[in-house]
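Structure, as structure tokens:
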Amino acid sequence: MRAFGAIISLIFLAALIFVLDHPLGILPPIGRFLDPVNGCLTAADSVNKDFSTTLKIPGLQNAAQVQYDERMVPHVSATNDHDLYYIQGYVHASFRLWQMDMQTRAAAGRVSEVVGNKALKFDRTQRRKGMGYAAENSLAAMEEEPRTRIMLDAYTAGVNAYISTLHYRDLPLEYKLIGFSPEPWTPIKCALLLKYMADDLTGYTEDIPLTYLRDMLPEAEFNLLFPERIQGTTPVIPSGTAFDPPSLVTPPVPSDSIWVHFKKSDFDDKRTENDGIGSNSWALSGSRTRSGAPILCNDPHLGLNLPSLWYEMQLHAPGINVCGVSLPGAPGIVIGFNDSISWGFTNNYRDVKDFYAIHPLSEDTYLMDGKPLRYSERIERIGVKGKPTVIDKVKYTVHGPVIYDAHFEGPSRLKMPLALTWMAHKGTNELLALYLLNRAVNYVGYVDAIINFQCPGQNMIYADKQGNISLWGQGQFVNKWKEQGRYIMNGATSSTLWGQLIPMRENPHALNPEQGYLSSANQCVTDSAFPYYYNGTFYELRAWRINQVLAGLHAASVEDMFALQNDTYSILAANTLPVMLRYITTNDNYTLELRNWNYRLDAESHAATIYQIWWSYLYSDIWHDDFGKVPENLWPLPERTMQLLNTDTTLRFYDDKNTATTEHLGDVIQHSYQQTVDSLKKLERTIGLQWYKVKNTTVSHLAKLPAFSYGELKIGGWGNTVNAAKSDHGPSWRMVVQMTKDIEAYGVYPGGQSGNPGSKYYASFLKNWVEGKYYRLLFLANGNEENNKQIKYTWSLQP
Amino acid sequence: MRFFISIFLIALGSMVAELYFAWWSVAVVAFLVMLLFNYPPGRAFLGGFAAIFLFWLLTAFRKDAANEHILAPKMAALFHLPNYALFILVIALVGGLVGGVAGWSGSLVRRMLQ
């Protein structure tokens, strides 16, 4: 009897331990996770933690040093390139390992391996896009070039040196929570991360909806609503800039059947939402600044996440002393400055992603120029946690991978097989561009560097200590015939294939223009004088505002630049609200607010909320009945709608097709105002009318855990203002650099240097970012200074 | 007095064990100590419970204090608990439960061997 009791108790104890050591549903293993010694609380860094240490790292060639300033920004000083990138890898991994792991998993379509079935659709999309294929191509190019090979290999070794020191207790919190462990880093992961950025920046196209709309609308109306270039654009490369004579002739439009036409039955009504991303940058010549030195500003708008996309660093070694932001997961500094030059990026948005309709002949072949061609096949094995591996065979054509077909439907359940030709698939070496850019000392060096940057195409702003400013619409583009790739092309004829590449030195650029400033904010790249054809997705509202303000600045200070980056003036509101109010005769509190409004989307403004809600109803009421069923939800741009409201009060689209009566502009405005009033009354009963509460800008943890995220941030602006703080996208790094003798640089990003939610450095910059405040960036003359008061901790690294 | 010594021994032994072994080594320590001390099962449970409960409670409080309550409230929110003190209490209770069951089992095995 006693033996029985003892055995029962032992079984019970073992079962208890077993249960608490294994995940339960969505819960992590309770015992292992809650254990305060080795579990989640190891992430609770002491606020007084002393980061100074001496580390013995066998992979280093020489002794080196990392000095952390009071914001935990590392200033790395090494004696050669190998050690520099080795340490960068080690430092990135020390502070951002889980993020690096997840983002490269996301790029590769390997999220299901760690979170299970719910990510399978996402993973399949990544594989079908050819992300792995693209990364392999670029990796080959990067490994072929000796300088980038050293970068990659040293960086990889540095990350792995850190990973090899880890035990369960040292793992970042998210590993313990989700229940997996870091795997060794490999150079392909760096390539995947760079392709992840290329996808983020060039992945959006309108080819499918435009193909649909072109057949649906009379030509004149199509051109009226969806112009290739909007009237009144203030292009990235200022109008009137002389372009280099083209070395290639624009090819004629092929005479055979080049386009694809959809039937209504190709789609069903399911709609998806798009969320465009953008960025601002500008540079002022010394003639326009108070100091007489150029000022360069950049704020790329990307997803607002924690851990932040960016990690600030200074890298110093013989031949390089550079400061700015890096991407955890890749070596080098992406946006920043060195002793001589500064630079920044905005997305270029020229279309480099085209679709081809494939005509399958059999399971293994498709039609090309009247003959059958064999597909090649790429077997994608997608590991799924707790489930058998999913195998997806992706067919590759001369155009590229078949992204959609009956086995994997496209937007609005499109089943037509479409292959993708995409510049991001090419084996390009953007890392070489960063390597040279980080070391460039003048304009010539700058151009030699960026000429290696092929995809994603970027508007690259430049300023130097010698007083030059420049802007390049940089990237690798194709010499296209008119409208090539704007719509889905017939994939069964070789006449639609991409032709010659445009020599990159012929990319549009401006150097020291007479106007004394240059700016880009994702608007159209050039005026129509540019000799090559291109199309793209361009946005004008922020560019109009930036150019309006810059044109009026003659003795600009860095404070003026701060103000412009945080500017919330809405060009859209200023040009639509007067028209809207013209048709409203009532004088209630809302219209009173609007009539006294300064068109600024400030955080606490009520008028901003009233306008934004009214505008979104009006925009929807005008277009939804006509374009509600368009795949991917493509409607005319807000800026185009704004122009039409001002120039054409009799447009047939103002009529709501779903009613028997004919509505005019006044009717649709009055109707949308009524809807607005109803919404506002509801809001007043709940969260109130303050703009920041209604738009709810949130910086979300990458695993979408609200407990690790920060919502309802008290920040103004929206996508149509320079301070483009939307719900989940916004200025991801605000930088202002004045190119005086001692460079004066300022920056802030919505996050913090540590990726650990338990660290005081996790979101330490967030408050200043919200309030539009900046940090003066510490730039050590020789990469290290013995007695700098701002240095708080030092890592002494020994081989 | 002897009871307090057994509690102290379990706590101390767990502290050392957790430096080298997984979290459930605390159960092994509680089991072994109660095997040696030969208490009735109820008392052995109480001793094991108290030892790990206190060890984990104090460890969690110490870390949370040094962290100035940055992480614990986030963890509480993650598990939908109203405040971080409750989160720390849950930690201690889980530890206590494991220690208690291990102590109880140690006592029963001792009885079987006698």
Give me a count of the residues in the range A:394-441 that are of a type in the set (Phe, Trp, Tyr) and either closer than 18 Å to residue A:145 by Cα or assigned to a helix (DSSP H, G or I) (or both).
1
Look through the range B:18-42, keep the residues that are under 15 Å from residue A:39 (Cα atoms) and under 12 Å from the mean Cα position of the chain (by Cα), and return whichever of them is surrounded by the most Cβ atoms within 10 Å (Cβ to Cβ).
B:26
Residue A:92 vs. criteria touching a Pro at 6+ places or on another chain (Cβ under 8 Å) and within 12 Å of chain B (Cβ to nearest Cβ):
no
Looking at the range A:319-375, what strands (runs of 3 or more DSSP E) fall wholly within it and have at least 2 residues that are closer than 17 Å to residue A:438 by Cβ?
A:320-326, A:335-338, A:341-347
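Here's the yes/no breakdown for (1) among the aliphatic types (A, V, I, L, M); (2) over 30 Å from residue A:251 (Cα atoms):
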| site | (1), (2) |
| --- | --- |
| A:533 | no, no |
| A:536 | no, no |
| A:549 | yes, yes |
| A:556 | yes, yes |
| A:603 | yes, yes |
| A:615 | no, yes |
| A:624 | no, yes |
The residue from A:466, A:458, A:476 that alone is modelled with pLDDT of 95 or more and crowded, with 24+ Cβ neighbours inside 10 Å is A:458
Only one of (1) modelled with pLDDT of 95 or more; (2) out of contact with any Phe, Trp or Tyr (no Cβ under 6 Å at 6 or more places or on another chain); (3) not basic (Lys, Arg) does not apply to residue A:676, and that is (2)
Of the residues A:76, A:19, which single one is within 12 Å of chain B (Cβ to nearest Cβ), more than 22 Å from residue B:71 (Cα to Cα) and β-branched (Val, Ile, Thr)?
A:19
Scan the range A:109-119 and give yes if some residue there is charged (D, E, K, R) and within 14 Å of chain B (Cβ to nearest Cβ), otherwise no.
no
Could you check the range A:211-261 and list, in sequence order, the residues that are β-branched (Val, Ile, Thr) and farther than 18 Å from residue A:537 by Cβ?
A:241, A:249, A:250, A:253, A:258, A:260
Of everything in the range B:10-28, what is of a type in the set (A, V, I, L, M, F, W, C) and in contact (Cβ under 8 Å) with a residue 40 or more places away in the chain? Give them in sequence order.
B:10, B:11, B:15, B:24, B:26, B:27, B:28
On the basis of being under 22 Å from the mean Cα position of the chain (by Cα), within 30 Å of residue A:39 (Cβ to Cβ) and surrounded by 17 or more Cβ atoms within 10 Å (Cβ to Cβ), does residue A:124 make the cut?
no
Residue pairs meeting the criteria (Cβ under 7 Å; at least 6 apart or on separate chains; first free of Cβ contacts under 8 Å to residues at least 24 places away in the same chain, in the range A:662-687; second part of a helix (DSSP H, G or I) and hydroxyl-bearing (Ser, Thr, Tyr)):
A:663/A:654; A:664/A:654
Residue B:110 vs. criteria charged (D, E, K, R) and farther than 19 Å from residue A:35 by Cα:
yes
Test: residue in the range B:46-56 that is closer than 23 Å to residue A:759 by Cα, within 9 Å of chain A (Cβ to nearest Cβ) and not β-branched (Val, Ile, Thr)
yes
Given (1) more than 12 Å from chain A (Cβ to nearest Cβ); (2) touching a Phe, Trp or Tyr at 6+ places or on another chain (Cβ under 6 Å), residue B:41 misses just (1)
Note on the range B:18-29: residues assigned to a helix (DSSP H, G or I) and either over 15 Å from residue B:98 (Cα atoms) or facing chain A (nearest Cβ under 9 Å) (or both) are B:18, B:19, B:20, B:26, B:27
Going through (1) within 23 Å of the chain's Cα centre (by Cα); (2) of a type outside the set (D, E, K, R); (3) surrounded by 22 or more Cβ atoms within 10 Å (Cβ to Cβ) one by one, residue A:772 fails only at (3)
Among (1) within 7 Å of chain B (Cβ to nearest Cβ); (2) in contact with a Ser or Thr (Cβ under 6 Å, 6 or more places away or on another chain), where does residue A:52 come up short?
(1)
Any residue that is surrounded by fewer than 21 Cβ atoms within 10 Å (Cβ to Cβ) and over 26 Å from residue A:312 (Cα atoms) - is there at least one of those in the range A:94-108?
no
Condition (residue is touching a Pro at 6+ places or on another chain (Cβ under 8 Å), crowded, with 20+ Cβ neighbours inside 10 Å and of a type in the set (S, T, N, Q)) applied to the range B:64-79: is it met by at least one residue?
no
Of all residues in the range A:28-49, which are closer than 24 Å to residue B:54 by Cβ, out of contact with any helix residue (DSSP H, G or I) (no Cβ under 6 Å at 6 or more places or on another chain) and more than 7 Å from chain B (Cβ to nearest Cβ)?
A:29
Residue check: is residue B:14 away from chain A (no Cβ under 13 Å) and either buried (at least 24 other Cβ atoms within 10 Å of the Cβ) or assigned to a helix (DSSP H, G or I) (or both)?
no
Qualifying position, being hydroxyl-bearing (Ser, Thr, Tyr), more than 14 Å from chain B (Cβ to nearest Cβ) and closer than 26 Å to residue A:759 by Cα, among A:732, A:679, A:709, A:700:
A:732
What is the one condition in (1) within 30 Å of residue A:749 (Cα to Cα); (2) touching a Ser or Thr at 6+ places or on another chain (Cβ under 8 Å); (3) of a type outside the set (Gly, Ala, Ser); (4) in a helix (DSSP H, G or I) that residue A:623 does not satisfy?
(1)
Those residues of the range A:590-634 which are of a type in the set (D, E, K, R) and within 28 Å of the chain's Cα centre (by Cα) amount to A:600, A:602, A:604, A:629, A:632
With respect to residue A:13, determine if the residue is within 12 Å of chain B (Cβ to nearest Cβ), in contact with a helix residue (DSSP H, G or I) (Cβ under 7 Å, 6 or more places away or on another chain) and aliphatic (A, V, I, L, M).
yes
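The values are calculated or read from the model by the stated rules, or taken from the named source; none is laboratory data. Keep in mind the model is a prediction, meaning the values are calculated, not measured. FYI the Cβ positions are ideal-geometry reconstructions off the backbone, even for glycines, and counts take in every protein chain you see.
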